[in-house]
1. Determine if segment 74-81 includes at least one residue that is part of a strand (DSSP E or B) and either of a type in the set (S, T, Y) or modelled with pLDDT under 95 (or both).
2. Being open to solvent by 60 Å² or more (accessible area, probe 1.4 Å), among the polar types (S, T, N, Q) and modelled with pLDDT under 95, is that true of even one residue in segment 62-73?
3. Condition (residue is of a type in the set (V, I, T), open to solvent by less than 60 Å² (accessible area, probe 1.4 Å) and modelled with pLDDT under 95) applied to segment 118-139: is it met by at least one residue?
4. For segment 23-43, which residues satisfy the criterion of being assigned to a strand (DSSP E or B) and either open to solvent by 60 Å² or more (accessible area, probe 1.4 Å) or of a type outside the set (V, I, T) (or both)?
5. Give segment 75-94 a look and list any residue that's of a type in the set (S, T, Y) and within 20 Å of D50 (Cα to Cα), or say none.
6. Given the options D46, D52, name the one that is surrounded by 14 or more Cβ atoms within 10 Å (Cβ to Cβ), under 14 Å from the mean Cα position of the chain (by Cα) and at pLDDT 95 or above.
7. Determine the pairs where a residue that is without any contact (Cβ under 8 Å) to a residue 12 or more places away in the chain, located within segment 86-108, has a partner that is part of a strand (DSSP E or B) and among the acidic types (D, E) with Cβ atoms under 6 Å apart, the partner being 6 or more residues away or on another chain.
Amino acid sequence: MFGKKKSTVSSSSDSQLKRTNHTPSIISEDVRLTGSLISQGEVQLDGRIDGDVRVNHLVIGNTGCVEGSVIAESVIVKGKIIGSLNASKVVIERSAQVHGDVYQDTLSIDAGAIIEGNLKQRHEAETVELVTHSTESKPELASVLSTADNDLSFFNKQAAEKE
């Protein structure tokens, strides 16, 4: 009103969650959540989540269930996951059921756990190496490739050369 500009609050700072205490968030057995759950701290899940979970540390209790993808730094599974699991450290206890792919750096599975899906170690680096073949270094390969008879297959050419 008097020529001063009003300060605006940035919406990006509101969207960033700040972890101020170290108390775990607890979702009790009688709670069913539909939608995504995001936390920078620890979450103890004894209820059910129908949606994706992205947390720092997740403990799925015996009665806990996630139907969706889980992304975390560490996960302890005692309950059920229906969907993919992607975490640095994964512990699957004997009462657990995992129906989906597990991507991890370290994995521990107790006897009796049920896993239906693929297990893939995340830190495996797939290296691609360029291989060049020179026909000059292999005279037998050069002779096969230089023959003008294109009607014969590779195996037939080899058999014809032996005769």
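The values are calculated or read from the model by the stated rules, or taken from the named source; none is laboratory data. Here the structure is a predicted model, which means the values were calculated and not measured. When we count neighbours, we look across all protein chains shown, and the Cβ atoms used for this are built from the backbone with ideal geometry, even at glycine. For the accessible areas, the whole protein counts, side chains as well, though only heavy atoms, and no ligand, DNA or RNA atoms are used. Shrake-Rupley method; radii C 1.70, N 1.55, O 1.52, S 1.80 Å.
1. Looking through segment 74-81, at least one residue is part of a strand (DSSP E or B) and either of a type in the set (S, T, Y) or modelled with pLDDT under 95 (or both).
2. No - not one qualifying residue is present in segment 62-73.
3. Checked against the condition, which is being of a type in the set (V, I, T), open to solvent by less than 60 Å² (accessible area, probe 1.4 Å) and modelled with pLDDT under 95, segment 118-139 yields no hits at all.
4. Of everything in segment 23-43, those that are assigned to a strand (DSSP E or B) and either open to solvent by 60 Å² or more (accessible area, probe 1.4 Å) or of a type outside the set (V, I, T) (or both) turn out to be S25, I26, R32, L33, T34, L37, I38, E42.
5. S84, the sole residue that qualifies.
6. Exactly one of D46, D52 is surrounded by 14 or more Cβ atoms within 10 Å (Cβ to Cβ), under 14 Å from the mean Cα position of the chain (by Cα) and at pLDDT 95 or above, namely D52.
7. Partner pairs satisfying both residue conditions: none exist.
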